[in-house]
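**Student:** Quick one: the structure is below, questions incoming.
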Amino acid sequence: MNREFFQALTHSGPSYELKARDASAGGVAQGFWGALTHSGPSYTAASIREVADREAEHARLDRGLDEAIGRWSAAMREAEASMEGMDAAGNVDDRRTFFNASVDALERLAVIAEEDLSPVLRAYFKVIHPLDFLNRRLHRKTLRLTLRSAEQSARLASLLKRNEDLVVAGDAAAEKSVRDAYREFSSIPDRGIGQFLHLARAA
């Protein structure tokens, strides 16, 4: 009686040793299974931290993308309005004013697309799950459109500057080359690439 009481008090004796061995074996098995399946308390905590870190990074990128989209959209609208204003202007002075505004907006548009939008879109790939094929494909297409818009913006601005006097004077050949370049530039207008950008933002 005294021995049983002492064993119960000290958790010693044959019955407690058997329980200890069973618990130890169960712990080893549970640890092995947790490592194999990436489950259990440690993996759950790591997963929660990983998700929280990814969401925080996603939120930071969302803010950066929103700001870049705003600047890009404003520059696109300004470029389109300036080009249309230059085409409709009735005298050389007004055409030169719209010409300068067009070149400035186009160059700014190229810089925003290349230096603001593209890095954010590339960074999104780091927070999109590798198996999320739909969103990865969406961001990849958006990035291609963004880089294409930067290239075409820079090309049109360069064409305008090379032919400044002829364009301002209303030379027919110069105007035709500018219109052709502008048509290519407008093939991915704000309403087109903008939709992809906002879809990428929401993904």
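**Student:** May I ask you to compute the full-extension gain from Arg179 to Lys126, defined as 0.36 nm times their residue separation minus their alpha-carbon distance, rounded to one decimal in nm? All intermediate terms of the calculation are to be shown ahead of the outcome.
**Tutor:** Details: separation 53, 0.36 × 53 = 19.08 nm, distance 3.97 nm.
So the chain would gain 15.1 nm between Arg179 and Lys126.
**Student:** At 0.36 nm per residue, and after removing the present C-alpha to C-alpha distance, how many nm does the segment from Ile48 to Thr97 gain when stretched out fully?
**Tutor:** Numbers: separation 49, 0.36 × 49 = 17.64 nm, distance 5.66 nm.
Value of the extension gain: 12.0 nm.
**Student:** For the range 54-202, take every pair of Cα atoms, bin their distances at 5 Å starting from 0, and report each bin as a whole percent.
**Tutor:** All Cα pairs, binned at 5 Å, distribute as 2, 10, 19, 20, 15, 11, 9, 6, 4, 3, 1, 0 percent.
All of the numbers you see were taken from the coordinates with simple rules; none came from a lab. Quantities reported herein were computed from a predicted structural model and do not represent experimental measurements.
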